[in-house]
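Here, each number is a calculation from the coordinates, and none is a lab measurement. From a predicted model like this one, the values you see are computed outputs, not experimental measurements. Glycine gets a Cβ as well: all are built from the backbone with ideal geometry, and neighbour counts include every protein chain shown.
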Amino acid sequence: MKLPSILAACLLAASTLTFAQAPSGDAAKAPRKARFDCSQAKDPKACEEREAKMRAAHDKAKKACEGKQGSERRECMRHEMCAQSKDPKGCEEHAAKRKADLEKARKACESKPQGERRECVRQEMRNTKAK
C-alpha cells in the first residue's frame, strides 16, 4: 500500500524537475546566427563590409516600414531595400520573379502534408534557382 504512494511521489518530483529544465524565453530572443561566415570568404574584410552595409540598409527599411504588417510590410520592405540597391529596377524585377517562383513552388507542393510541404517548397525553390 505504501509502495504505490512512494512511487507516485517520486514520479511527481521527477516531473517537476523536468519542467524546471525548460529553456527560458531569452533563448527565443537571441540574435540569429549569420548565414555565412565571413572568416571563410576569399576577402573577409570586404565580406564584413558588405554584411554591415546590408544590415544598415535592412535597419533603415525596417524603420521606414514600422507600423505596417503582413503583406503591406513585406512589400514596403522589398521596395525600401530595392530603392537602396545599385539597380533598383533590376532589384524590383528580381524580387517579382522570386515571388512568382515561390507561388509556383507552393502550388506544386500544396498536395503534400504539412510536415513535408515546407521541405518540398525549399526543394522547388532550389530547383528554380539552379535553372
(message) Just to check I understand the Karplus step: with θ = phi - 60° and J = 6.51 cos²θ - 1.76 cosθ + 1.60, what whole-Hz values come out for the stretch 66-73, glycine and proline as x?
(response) 4, x, 9, 9, x, 5, 5, 5
(request) Express in whole angstrom the spacing between the alpha-carbon centres of the stretch 72-126 and the stretch 49-68. (result) 19
(request) Answer rounded, prolate or oblate for the stretch 50-92, using the Cα gyration tensor with square roots of eigenvalues a ≥ b ≥ c: rounded when a/c is under 1.5, else prolate when a/b is larger than b/c, else oblate. (result) oblate
(message) Taking θ = phi - 60°, what integer Hz values does the Karplus form 6.51 cos²θ - 1.76 cosθ + 1.60 yield along the stretch 118-127, in sequence order, with x for Gly and Pro?
(response) 4, 5, 4, 5, 4, 5, 4, 5, 4, 5
(request) Answer with one residue from H79, C91, V121: the one whose Cα lies farthest towards the positive end of the charge dipole of the stretch 75-131, charges on Cβ with Lys, Arg +1 and Asp, Glu -1. (result) V121
